[in-house]
């Protein structure tokens with residue numbers, strides 16, 4: 001690596017995090033002309049997927065495939081599906097972090113192949129940038145860690161809700177189109193109605209969930225039942241429901257996450273040809289919600305059949321886990337265990353900082369550093385009375401009685 005490349009690398013990593021990809025893309029343009037660039041840095045909880053330039057319609061799922069198939073240290077060039085259509089790309093995978101990262105350069109049609117020397121320079125720069133990102137993740141200040149964790153929680157919940165709602169809608173439409181009991185015209189009309197209803201429901205979901213802080217468990221389960229019936233309407237599989245026998249309320253994020261997880265598990269169950277009956281039930285204990293999906297299939301399901309961490313990742317965000325028991329010839333029972341708020345573990349115990357706003361996190365960061373109100377006001381360019389207001393809100397939200405307790409909870413969580 002010559003002095004020019006080292007200087008370029010220095011200029012890239014000294015930028016603010018949000019400017020590193022644009023600066024890297026500009027630095028690589030003379031070596032590999034490209035229309036746009038995208039990265040997937042899986043160690044970054046806050047914003048793992050970034051793009052710059054002409055990358056319209058590009059989604060993280062397309063980079064996930066390249067990350068899974070790429071070989072660290074061996075850049076790949078060729079045609080790949082980007083933004084919904086095939087394009088010329090160069091994909092560079094790095095293993096400078098445990099979960100790896102990938103950089104994709106989107107090129108013009110008919111671009112000439114890149115020689116090995118230039119690819120080697122790109123690989124070295126991307127390894128350096130990935131290592132730089134990893135250092136920020138490992139050595140991040142508590143405030144940055146808290147914000148990243150809150151962002152990751154929110155992203156996981158939104159992805160869980162939207163992706164499984166989409167999968168449920170597609171499953172329902174396919175069930176109609178495959179049904180032998182419906183003629184073509186009826187099947188088309190029914191499928192159209194299902195698709196239109198699903199689009200309306202998905203568009204309204206975010207607004208509805210934001211408006212509901214808590215949801216009674218029976219009502220939450222009833223909503224789940226209404227979401228499951230269209231998935232099975234035109235299949236030979238019967239649905240048995242076991243609603244919770246408790247009327248206590250669930251936090252909205254727990255309720256809709258539980259519904260999303262159950263829908264995802266049911267989609268896996270329906271892939272089995274031998275299933276004729278499925279039981280879905282919720283059971284609430286003092287400390288947890290247990291959402292069970294049990295089938296009468298062959299009992300051959302394994303954890304690898306659940307997909308690339310989709311269900312387990314969602315449960316990890318909530319501090320939960322998945323129990324799975326399969327008995328050959330008798331079926332499979334899958335139970336998602338989700339912790340609940342209790343008197344001994346206040347709401348938010350899984351992530352006690354999740355309810356704090358951006359400004360409150362900034363104030364709490366200064367509290368954790370031992371700063372007094374006047375210093376906090378000067379640092380954040382607000383009045384002391386505003387600082388006192390934020391401190392009072394922080395203590396209330398965290399359920400603590402002093403600044404010292406709030407600081408201790410902050411350090412523990414972050």
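The values are calculated or read from the model by the stated rules, or taken from the named source; none is laboratory data. Since this is a predicted model, take the numbers as computed values, not measurements. Note: ideal-geometry Cβ built from the backbone for every residue, glycine included; neighbour counts use all protein chains shown.
Computed quantities for the displayed model
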item	result
Within the range 380-401, tally of residues that are without any contact (Cβ under 8 Å) to a residue 24 or more places away in the chain, assigned to a helix (DSSP H, G or I) and surrounded by 11 or more Cβ atoms within 10 Å (Cβ to Cβ)	6
Positions within the range 251-283 being modelled with pLDDT of 90 or more and more than 23 Å from the chain's Cα centre (by Cα), in sequence order	275, 276, 277, 278, 279, 280, 281, 282, 283
Residues satisfying the stated conditions in the range 1-49, i.e. within 23 Å of residue 62 (Cβ to Cβ) and modelled with pLDDT under 80	17, 18, 42, 43, 44, 45, 46, 47, 48
Test: residue in the range 52-75 that is touching a strand residue (DSSP E or B) at 6+ places or on another chain (Cβ under 6 Å), in a strand (DSSP E or B), assigned by TED's automatic domain parsing to the domain that holds residue 24 and under 18 Å from residue 22 (Cα atoms)	yes
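For every residue, the table says whether it meets (1) under 17 Å from residue 118 (Cβ atoms); (2) at pLDDT 85 or above; (3) out of contact with any helix residue (DSSP H, G or I) (no Cβ under 8 Å at 6 or more places or on another chain).
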position	(1), (2), (3)
61	no, no, yes
66	no, yes, yes
71	no, yes, yes
75	yes, yes, no
80	no, yes, no
88	yes, yes, yes
94	yes, yes, no
